Each structure stands twice: as structure tokens, then as C-alpha cells.
């Protein structure tokens, strides 16, 4: 009798949405965020060796589907992600994502995973990791303007990595603020619900903007931002979508992930194409200055980059043995004789 | 009690290697090839409306990992495929592939599938579909030079779609020819094993070259190719890999899938960048001439294009209900309130 079951080489671990939630709970959200931020920081430290390309978009009138590949020469990763602002009206998610990690040496996938939840975690971990290098040391209060899907992840990442003790929430939709406040009850954070952006930023050393409208909006006006503040701007992340008044940009030292992409998608699309920006990896490696002075305004104009997803995929892969939260998929044809693919199919009859 | 099971919207059908083999047997290989060729031909007929980009490669010294996306405006598809010539020495496959089909209107994946076997089928179906439009009408004998993983699929596709009755096999490795002859016994084809390329092409109206070496090779020399022959060249499919002597190219009418890609990867990389070629879709839609005369040599310089994978994904999706050969994967996070991703994770504790 011939053994027709798939060989070990043909199997790829798959982390479903349910398994991702199991993973988060097995590790703990804050510990997950701290450890993930460590992987992201490690990859920012070796930024120059990555194969970097802007994401590959397929645009339609309803939205966009993007592939975001990158490689460090040993491991290759990509994320599939869609953005469809009108989806929620039909009961679908605006953004869904999944990703794959593969070995460069033989091209075999080693991980296939949901990435909607993982992207939320990596975005928050990246924000807090950047703030560790840019925000005032004594920051204890953060304003979060925009209390949608990203809000609570941001709050916990800044608590875990930057020592934030109070979050001040504001959203034009009060139900979003109520939802976030409810979810953060018992987190150990002091949560203050505010009725205006102005009220939210009062006394905050860090301001996170994470609104979702796909349009030019002015979430922060110039008068709302005082000296010595760090702005973590993550909602301005595609062409035609920004959150900050241009006057704030002119007063800020601006830090970005990958200028080629940020100039198209980030807050700085409102500025001249040669407006000076600093790449975050250069601050992390000590090649560039982060915060120049106590009074400086630092702005992390974050749009999300493939390397952060790569770090998240690496981190998740390294947790598989620890959590066991995955199943194996028979994704790769593996005939005994590579030239005998047809024979393998034939014998399966 | 809250229902924590994934919603219907979050589930994506997955076709494993085992399910793909089940699908092929449920439908029958030849019928699968005929129906798949119909889907491919349909997509070639509407070629201009596709969003076409050359594949996105990530090269390393060991091989390449590629993403091949395309869209017809309603459906989006991409294939992940690797090419690692030295893999077989370590017991791995040279080429493995998987793919995804998604709805453009909301960005949701609707199919995730193995594509190693599916690619072998689509390559053969594309070859035979092209030959239907280019080869002499009375072709009954095909030579197949290179008897590796693609060989038997080619033989059956040409039998099913073009009426080929005899295949004449040659490979520099006799065991490959023996393997192919063994697999094709009982197929209804007359199978002749030959000891040279010269012997294989004797009396053949169609010559298929599908060797696998990643180097410039001369599988066919000028004297081996007589008038009135159709050459189906599928082994020359990446930079530095060709199979035909340039003299043959100069005597042939050359047909390609997508010139931008074929000039880099196909046989015509040996020719001047402005050497005239005809796009196959123009022949199929009647906008260009295929076979000019009985004596003409037609050459389909095939490298494989994303649209063929797209057709294969479409075809497979349409068979799911018929075969039931799939499982559903919980790939997409689907919170009741899209803004409450964190709450969904929290409640799963």
C-alpha cells in the first residue's frame, strides 16, 4: 500500500482568527505588544538590508486590494490587505488581511495567518515603539482622537511600552468613545471620555490620531498642539486622507517609515515633495536625532509598512510552538519524485 | 451566551492538495482541461479589460518568489509561486504555488487554493488552447521534448483539445521518459519513447518543449524543424533560460501572451527588442492572423501569465458546489461592530 497522506514538507501552519485570539490570550495582550514591538524594533535596526518596494495596489471605485511583500534575504513575507470604506454599510469589514511567511532558501511557505487582528497589534506596537524613541520621557497622558478599531490597541501599547497612565478619548461618534471606554475598563488605565478634540488634548504629552474617514479632514488644528508634544498620526494613510492641519506639520520634526510611500499616503502629502523628513530607523540606530529638545514637537507620520507586517509574521511564527494555536494545511503538492506530479494525481484516484 | 463562532462572512473556501486531486478525479482530467481551456479562452477574449502588471519577483541566489496579481474589475486574483532549481536535491519541489481569488467590490477573498497542480493543468490547457488557433488543423502527432512534471498534462490537453493521437517522448534522462510513458499507458494515446530529439520530432506536426534546466539550452536546432509545424515552447520561461536555437525564431511567426513579460522571460529574449510578435488574444478575437499558410512555422512562446491563473481560479471556484472538495477557513476577522475589533478579541477569552 502506497502512503497517500501528505508529507511533512507539504504542510503549512495556519493561524485562523480563532487561533489568533487564542494566541493573544495565551500570551496576554500587553506582553504580546511588548514582545512584538521588540521584533519590529529589531527589524528597524537592520532596515537597509530589506528588499523594499512600495505596496502593489489594485484600485477600483469601491476600494483597493494591496499586496505588501518584503524580504530580509532569509525570510520572505507578504500581506494581502483590502480597504473598502463602504463595506460596513453592507455588514462587511472595511479592512481585512492575511499573510504568508516563506523561506527564501527554498521558497516554501512556513506560516499562513489571518492578519486583521495581527495588523491592529503591529500598528499599535509600531506606534509605541516609535514613541519610545521620540516622545517626551515623562509622558503619562495620551489623547486618542478617533476611537474606532485601532483605539484600544493603541492605549494598551502605550501603557505597556511608554508608561502611559491616562488616555483621553474623543470621537465625533460618542458611541465609539463609549465602546472604547467600556473595553478599557479594568485595563489599569485611567480613561477620560471627552466631548471635543480640544478637551482630549488638554494635558496630554502624546496625541494619537486614528480616525477612519477616507477624506482630507482636520482632526488637529494648529492651536491644539503645544510645545513638547509627540503626535502619533496613523489615520492619514492613503492618498487623499489626512488628519492634521498643514501648519502643525511646519512646526514639527517629522519622522516616517519609508519616505517613498509616506509622501504618497501620509500627512506629508500636503507638503512639498522635498520637505525634510527623518526615517525612523535612523533614529533607532543612532544615525539621526529623534527629539531635539523638550519643546520640540515630534510627529510620527505612520502609514504602515511591509517590514512591520514581516516582523509580526516572524513573531507569530516563533510563538507557534509555545501556543499550539494553529492547524496544518496541506497547501503544497509534494510528489515523491518531483517530476512525477501527474503520477501523484493519478495514484490519488 | 454570546455566539463566538465565526460568521459566514468570515469563512473562505480552501482547496488543499488532496481536495484538488479529488476535484480532478471527480471531473476527469480531460474534461477538466477542456473546461479550463474554455475559461482561459474566455479571458483571452476580454484581454484588454484586465489590469495587467508583470509579476513581482523577489530574487535570491537560490531562486525566486513571485506574486502574480491581476483583476478584471469584478474579481481579483493572485498567485504565489516559487522557483528554486536546486530544491529537488534536498527533497523539496522546484516550484510550489498557491493562490487567492477575491471580490473587487468588497475585497473579501472567496477562494484560497493550492496551485501547484492547478498551475500544471492551466499551463497545459493554455498550450492546447493556443494550438487550437495556431497549429495545422490535421495535426495528430506531437513530440514532447522534456518529460518532467508538465509532460503528461500537455499530452492529455492536446489529446482532448486538438485531437492528438500520438505523443513521441524524449528526455535526456531516460527515467523521465519511462515515467511519462508509464503514466500515459491506458490514456488512449499512442506513446512512442524516443532516444533523441531528432527521432522524437520525426512526423510530428506539433513540437512541445518543456525542459526544466535554468540555463540557455538548445533543445531544438534549426534542422529539426520542418515547414508547417507548430512549436509550443513552454520551458523557456525566465531570464537566461531558453530552449530554441535563434535560427528557428527567425523562421517562425511568433505568438506571445504579454510582450512586456515575454521579452524578458521567453525565447524572444534572444531577439532584438523590436522583433515583431503577435499577441495571442488578438488571434483569438480575430484581430490578427494566426497561421498564415500550411507551410508556416508557428511558435507559441509561452511563459505563463497571471490571467491564466486567474481563469484557473475562476474555474475552480465555479466547481466548488459541484465537487464539495474544500473546507472552510476562518480567515477573516468579523466583529459584530467593525469598530469593536478589540472587544471581539477580549470576549473570546
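So what's the angle, to the nearest 10 degrees on a 0 to 90 scale, between helix B:306-323 and the longest Cα principal axis of chain B?
Between the helix axis and the principal axis of chain B, the angle is about 60 degrees.
Would you work out the relative contact order for chain B, in percent, from Cα pairs under 8 angstrom that are 6 or more residues apart?
21 percent.
Sort A:268, B:284 by Cβ crowding within 10 Å, fewest neighbours at the top.
B:284, A:268
Rank B:169, B:67, B:33 by mean-square fluctuation in a GNM of chain B with C-alpha springs under 10 angstrom and give only the top-ranked residue.
B:67
Roughly speaking, what is the centre-to-centre gap between segment A:310-324 and segment A:164-215 when only Cα atoms are used, to the nearest Å?
Rounded to whole Å, the Cα centres lie 31 Å apart.
Apply the Debye scattering formula to segment A:134-305, with a single equal point scatterer on each alpha-carbon and no solvent, then give log10 I(q)/I(0) at q = 0.12, 0.13, 0.16, 0.20 Å⁻¹.
-0.49, -0.58, -0.90, -1.39
Kindly express, to the nearest 10 degrees and within the range 0 to 90, the angle between helix B:151-162's C-alpha long axis and the longest C-alpha principal axis of chain B.
In chain B, helix B:151-162 runs at an angle near 80 degrees to the longest axis.
Could you work out, residue by residue across B:93-99, how many beta carbons of other chains sit within 10 Å of that residue's beta carbon, and then give the average as an integer?
Average per residue, whole number: 6.
Can you classify segment B:230-278 as rounded, prolate or oblate using the Cα gyration tensor, where a ≥ b ≥ c are the square roots of its eigenvalues, rounded means a/c under 1.5, and otherwise it's prolate if a/b beats b/c and oblate if not?
Rounded.
Please report, in cubic angstrom per residue, the volume enclosed by the convex hull of the alpha-carbon atoms of segment B:1-112. Intermediate results must be reported in sequence, preceding the final value.
Details: hull volume 20.7 nm³, N = 112.
Measuring per residue, one finds 185 Å³ for the Cα hull of segment B:1-112.
What does the average come to when, for each residue of peptide B:109-117, you count the partner chain Cβ atoms lying within 10 Å of its Cβ?
4
Do the sum for the protein assembly as shown: with -39,500 (n - 2.57) for every DSSP H run of n ≥ 4, divided by all residues, what is the mean residue ellipticity at 222 nm, to the nearest 500 deg cm²/dmol?
That comes out to -10000 deg cm²/dmol.
Treating the angle as unsigned and between 0 and 90°, give the value, to the nearest 10°, between the Cα long axis of helix A:29-45 and the longest Cα principal axis of chain A.
Here the helix axis deviates by roughly 90 degrees.
Which of rounded, prolate, oblate describes the protein assembly as shown, given a ≥ b ≥ c as roots of the alpha-carbon gyration tensor eigenvalues and a/c under 1.5 marking rounded, otherwise prolate only if a/b is larger than b/c?
Prolate.
Is the shape of chain B best called rounded, prolate or oblate, per the rule: a/c under 1.5 gives rounded, else a/b larger than b/c gives prolate, else oblate, with a ≥ b ≥ c the square roots of the Cα gyration tensor eigenvalues?
On the way: a/c = 1.98, a/b = 1.79, b/c = 1.10.
It comes out prolate by the Cα gyration axes.
What is the distance in Å between the Cα centroid of segment B:38-103 and that of segment A:223-274?
36
Averaged across the residues of A:86-92, what count of C-beta atoms belonging to other chains lies within 10 Å of each residue's C-beta? Don't skip to the end; give the middle numbers.
Details: counts 2, 5, 3, 0, 3, 6, 10.
Across A:86-92, the average partner-chain Cβ count within 10 Å equals 4.
How do the peptides B:14-25, B:41-52 rank, highest first, by the average count of neighbouring beta carbon atoms within 10 Å per residue? Don't skip to the answer; put the middle values down first.
Working: B:14-25: 22.1, B:41-52: 16.2.
Packing proxy ranking, top to bottom: B:14-25, B:41-52.
Looking at segment B:123-305, send over the antiparallel percent of its DSSP beta bridges, to the nearest 5. Walk me through the numbers on the way to the answer.
Values: 1 of 31 bridges.
Of all bridge pairs located within segment B:123-305, approximately 5 percent are antiparallel.
Pull up the DSSP beta bridges for the protein assembly as shown and report the antiparallel fraction as a percent, rounded to 5.
Close to 50 percent.
Could you please rank A:334, B:253, placing first whichever residue has the fewest other Cβ atoms within 10 Å of its Cβ?
With the fewest neighbours first, A:334, B:253 line up as B:253, A:334.
All of the numbers you see were taken from the coordinates with simple rules; none came from a lab. The structure displayed is predicted, hence computed values, not measured ones. All Cβ positions, glycine included, derive from the backbone under ideal geometry; neighbour counts span all protein chains shown.
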